[in-house]
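J.: My questions will all concern the structure given below.
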C-alpha cells in the first residue's frame with residue numbers, strides 16, 4: 001500500500017495481504033491445479049479445527065462445482081483452468097458475528113496464536129485461499145454461521161481489500177436457525193484445474209479419513225461422484241491445553257514483551273509466573289546461575305542484561321522438559337481404527353515418549369501395516385498435527401528414514417505389501433516451507449521416527465514369521481495328507497479292498513485300512 005506519510009516519493013509500503021498476494025507461490029498457490037488442492041485443504045482443516053475445539057464429532061461436507069455446468073460435458077482428456085464454486089460446511093462451534101470479517105477477511109488474524117497444538121500455524125491459509133479466489137474471479141465471499149448459544153444465525157457477503165488487509169462488508173443479514181444448530185458454511189469462487197488436481201484432492205480426502213476416523217467427510221466432485229467417509233469411532237483425541245512458554249527457545253524480543261505485560265514485582269516471581277514447569281526453587285537456582293538478583297524488578301533490566309538472560313535461559317541445564325499437555329497426539333487407538341480403511345492383514349502402532357525441539361515439545365507416532373488389501377511395495381503416509389502431507393515426499397525426513405531401513409533384519413522385503421505411517425504433533429512442526437508440505441531432516445525428529453518404525457517392524461516381522469511358520473506347517477500337513485491318501489489307495493487296490501470315507505489318514509500312528 002502506497003503511503004503519503006513522511007516517506008520520500010519512491011518508497012512504498014505493502015500490507016500483509018498485499019505482500020502475500022504478490023508472493024502467494026510460497027504458500028502453494030503457484031498454479032491452478034495446486035491452488036485448487038491447497039484451497040480445499042485449508043478450508044477443510046479450519047472446519048476440522050472448529051469441530052474439535054467445540055468437542056463435537058466433525059461432520060464436514062465439501063462441494064466443488066463448475067461455474068458453467070455445461071463444462072461437465074467437455075472431453076475428459078482436455079484440461080486447463082476453469083472457474084469453480086467451492087462450498088465447505090461444518091458442524092463446528094460457529095463464529096461470532098463481530099468476529100467473522102476479521103477472521104475471514106484479514107490475514108494473520110486467528111485463534112491459533114498460542115502455545116498449543118493446532119493444524120494452522122500462521123493464521124494465513126484460509127484467508128489466502130479466499131484471497132486467491134477473489135483475485136482469480138473478482139467474486140465476493142459468502143459466510144453463513146450459527147452458534148449453539150445464539151438464537152439467530154448470520155449471513156455475510158464480503159470482499160477483501162488486499163492493499164489495506166481489511167474486509168469490506170457487502171451484505172449482512174440475520175437468518176433463522178434451529179435451537180441447537182451450529183456450524184459454518186463458506187462459499188466462494190476460484191480458478192482451478194480439476195483434471196490435473198483430481199488425484200491429489202481425492203488422495204487428500206482418503207488420507208484425512210485415516211488420520212481422523214472419528215470424522216464424517218463428504219466430497220461432491222465436479223464429475224458428479226460423491227465420496228463419503230463415515231466416522232468409524234466415536235472418540236475425539238484429548239484436547240490440547242494452552243501452555244506458558246518454555247524457558248528454552250526464548251529470544252530477547254519475546255522477553256521484552258513478557259516483561260512489559262507481567263505483573264510480577266521480582267525476577268523470582270517473574271520466572272515462576274511466566275514460564276512453564278518453573279517453581280520457586282528452580283527459579284532461585286537459575287537466577288543464581290545467571291547472576292541476577294532474585295528480588296530485582298523485571299522492568300529494570302537493560303538491553304545487555306536481557307541478552308545475557310536469554311543466553312542463560314538457553315544454557316541452564318536443570319529446566320524440566322516442556323509439558324506435553326499442549327499436544328494432542330492422534331493415539332494408537334485412533335490410528336489403528338483409521339488404517340483399517342486400507343484393509344491390511346494387521347498393523348502395529350507405537351507412540352514415542354514426548355521429546356523437545358527448539359524448546360517445543362513434540363510426539364512422534366509411527367505405524368506399519370502389512371498385507372491384506374495393500375499394494376505390493378512400500379508406501380509412506382505422512383501426517384503432521386493431523387494434516388496429511390502429499391507433496392515433496394522425497395524431501396521429507398520420514399521418506400529418508402524408510403529408505404534407509406534394512407527390512408531384511410525383520411524378515412521383510414521391499415516387495416512386501418507395506419504401509420509406513422508417521423504422525424508428528426508439536427507446537428512447532430519443523431516444516432521447510434510455508435505450504436506445510438514436508439518436514440525437515442532434523443536430527444532429534446529423525447531419531448524418534450527411526451526408533452518408532454524399528455519398534456513397529458520388530459513386531460510386524462514376528463507376526464509375519466509366525467504366519468509363515470503356520471503356513472509352512474499347513475503345507476507340510478497337506479502334503480502328508482496327500483501322501484497318506486495315495487498310499488491308502490495303492491494298498492486298497494493291491495488288497496482288493498475299499499477305502500472307507502471315515503478312515504483316519506495323515507495323523508501320526510494313524511491306521512490305514
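Laboratory data are not the source of any read-out in this text; all were calculated from the coordinates shown. Keep in mind that what you see is a predicted model, and the values were worked out from it rather than measured. All Cβ positions, even for glycine, are placed from backbone atoms using ideal geometry, and neighbour counts span all protein chains on display.
J.: If I model a spin label at residue 251 and residue 414 as a point 7 Å from the Cα along the Cα→Cβ vector, what separation in nanometres do I get?
T.: Using points 7 Å along Cα→Cβ, the separation is 4.2 nm.
J.: What translational diffusion coefficient, to the nearest whole µm²/s, does the range 417-497 have by Stokes-Einstein, given a Kirkwood radius computed over alpha-carbon pairs, a temperature of 20 °C and 1.002 mPa s viscosity?
T.: 120 µm²/s
J.: To test your reading of the geometry: what angle, between 0 and 90 degrees and rounded to tens, separates the Cα axis of helix 303-315 from the longest principal axis of the chain?
T.: Taking Cα atoms only, the helix is inclined about 10 degrees.
J.: Still on this structure: What 222 nm value per residue comes from the helices of the chain, counting each DSSP H run with n ≥ 4 as -39,500 (n - 2.57) and dividing by all residues, nearest 500 deg cm²/dmol?
T.: -11000 deg cm²/dmol, from helical runs alone.
J.: Ordered by packing density, taken as the mean number of other Cβ atoms within 10 Å over each peptide's residues, highest first, how do 176-182, 419-425, 326-332 rank?
T.: Ranked from most to least packed, the peptides come out as 419-425, 326-332, 176-182.
J.: Same structure again: Determine the shape class of the range 359-425: with a ≥ b ≥ c the square roots of the Cα gyration tensor eigenvalues, call it rounded for a/c under 1.5, and otherwise prolate if a/b is greater than b/c, oblate otherwise.
T.: prolate
J.: Rounded to whole Å, give me the distance from the Cα center of the range 368-387 to that of the range 146-203.
T.: Each part reduced to its Cα centre gives a spacing of 34 Å.
J.: If each residue of separation counts as 0.36 nm, what is the full-extension length gain between residue 273 and residue 455 once their alpha-carbon separation is subtracted?
T.: Going from the current span to full extension adds 61.6 nm.
J.: Enter the mean projected area of the convex hull around the alpha-carbon atoms of the range 324-463, in nm², rounded to one decimal.
T.: Seen from a random direction, the Cα hull of the range 324-463 projects 7.8 nm² on average.
J.: State log₁₀ I(q)/I(0) for the chain at q = 0.07, 0.09, 0.14 Å⁻¹ as given by the Debye formula over alpha-carbon point scatterers of equal weight, solvent excluded.
T.: Each listed q corresponds, in turn, to -0.52, -0.78, -1.42.
J.: How large are Rg and Dmax for the range 252-315 when only the alpha carbon atoms are used, in Å?
T.: 10.4, 26
J.: Taking the range 259-410 on its own, what percent of its Cα-Cα pair distances exceed 19 Å?
T.: Value for the range 259-410 (Cα pairs over 19 Å): 67 percent.
J.: Looking at the square roots a ≥ b ≥ c of the eigenvalues of the Cα gyration tensor of the range 206-348, which shape do they give, rounded for a/c under 1.5, prolate if a/b is larger than b/c, or oblate?
T.: It comes out prolate by the Cα gyration axes.
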